[in-house]
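J.: First the structure, then my questions, so here it is.
The values are calculated or read from the model by the stated rules, or taken from the named source; none is laboratory data. What you see is a predicted model; the values in this text were computed from it and never measured. As a convention, Cβ positions derive from the backbone with ideal geometry for all residues, glycine included, and neighbour counts pool all protein chains shown. With ligands, DNA and RNA removed, areas are computed over all heavy atoms of the protein, side chains included. Shrake-Rupley method; radii C 1.70, N 1.55, O 1.52, S 1.80 Å.
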Amino acid sequence: MSETELPNPYLPDEIVKEILSRIPVKSLLQFRCVSKHWKELITGTHFIKSHLKNALSSSTQHRILLPTSPLMSLNYNNINESLQLDSPFPNPKTSIKILGSCNGLVCLIDGTRDIIIYNPSTRRHFKPFQSPQQALHCSNRIEFVYGFGCGSKNPNDMKVIRFPRFARDSGYNKFKVRDKHSSSWRTGSVSSRYDFIDTVGTFLNGVLHWLAYGSGNGDDYRLVASFDLSEETFLEISLPPQDSSLPCYVLGVLQGCLCAICDDIGYTDVEIWLMKEYGVVNSWSKLVKIPLNMGIQNISYMMPLGSLNEDEIVLEIDLQSFVIYDVKKKVFRCPMSGHDLKLFGDAMVYVESMLSPQVLCVLY
């Protein structure tokens, strides 16, 4: 046996795996060509899970996906560094919306309501429905909200979620679950009495979250409608304890917590609240109040994308630019420049991953 045919003439496999599990996906795709042994190692299920675990804990392997045409991926730690990606849809000029991000996979929908699961790091994609009509059940008159994520009990059990946006259409809350390994189907229904404000769910802790209106004692009230992907049930979460007349208009995830961005009374500032203990209403805590008159003019929309560290927050501004806000110094820095990003829609953070886009099951 020649030296090139040996599994590894110098280092034990466990050490090689540990080193490779911390390397970016782009390099791993190239390293598959080193030898047959390395290819088997890098494409193995255990290694892919180990690599994902390390990537989730390291901001250096996080990126921001923009639903432009073509798609654009930004370096999470240097938002002026970008990479163009080919569209996974047949029509590369179609409008694209991001429905969710989970474990390196993103769920995309185009102008025809065709849905694709896409891995921006490997460029692989999977079409869970044969046609938009199959996904819609020909219900074009119904407006839907969407979500994408995995259950807490089984992280490999990823699901695409679709519910009617308005409670009057709750009769369409029937679903099917398809297991791609057995090709079997399970049917069921979900009770929902909400009018959803958000059209895309925020994923955290195996649960999808939407701003919504509920009804109680004859009055409509705002809340967070949360859908547990493992239990396939809805629960309600109260919003931060602010003036009820103020709109709480954006949900997100910061520092591993559910967050809400709220307008203040004069609309000169926005408040970011964190739910420090998930599901505990009393744990809502105001993280920061950001003034809107600090060098960035006419801000009408602000979306938190993530935290670089305990002090710095990455914000999407007016669907066309990005800034970093320093919570302690109370200043904006590093505005994105050099790109023409006119009204591309909400961006989303994803992690570099080798995970296959062929999700275990699809819920719709």
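J.: On the protein heavy atoms, probe 1.4 angstrom, tell me the percent of accessible surface of the stretch 12-63 carried by carbon and sulfur.
T.: 58 percent
J.: On full extension of the chain, what length is gained from LYS286 through ASP311, given 0.36 nm per residue of separation minus the C-alpha to C-alpha distance?
T.: 7.6 nm
J.: Can you give me the distance in nm between label points at SER215 and LYS127, each placed 7 Å from the Cα along the Cα-to-Cβ direction?
T.: So the two model labels end up 3.9 nm from each other.
J.: Take the cross-link list LYS159/LYS276; LYS17/LYS328; LYS153/LYS276; LYS17/LYS276; LYS17/LYS329 and give me the ones stretching past 30 Å between alpha-carbons.
T.: Listed pairs above 30 Å: LYS17/LYS328; LYS17/LYS276; LYS17/LYS329.
J.: Now, a different point. If you average 1/r over every pair of different alpha-carbon atoms in the stretch 5-121 and take one over that average, what Kirkwood value in Å do you get?
T.: Taking the inverse mean of 1/r over all distinct Cα pairs, the stretch 5-121 comes out at 16.0 Å.
J.: Work out the FRET efficiency for SER95 and ASN154 from their Cβ-Cβ distance, taking R0 = 22 Å, and round it to the nearest 0.05.
T.: 0.10
J.: If you don't mind, there's one more thing I want to ask. Distance in nm between label sites at TYR10 and LEU56, each 7 Å beyond Cα in the beta-carbon direction?
T.: So the two model labels end up 3.3 nm from each other.
J.: Leaving ligands, DNA and RNA out of it, work out the accessible area of ASP220 with a 1.4 Å probe and give it in Å² to the nearest 10.
T.: Rounded to the nearest 10, the figure is 120 Å².
J.: Over the stretch 8-133, give the accessible area per residue in Å² for a 1.4 Å probe, as an integer.
T.: Each residue of the stretch 8-133 exposes 50 Å² on average to a 1.4 Å probe.
J.: Something else now. Just how much of CYS248 is accessible, in Å², when a 1.4 Å probe is used and the result is rounded to the nearest 10?
T.: Taking all protein chains as shown, CYS248 has close to 10 Å².
J.: Right, next: Between VAL288 and residues 5 or more places away or on another chain, which pairs have amide H atoms under 5 Å apart, with H built 1.01 Å from N, and which residues are they?
T.: ILE272
J.: With a point put 7 Å past each Cα toward its Cβ, work out how far ASN75 is from SER300 in nm, to one decimal.
T.: 3.3 nm
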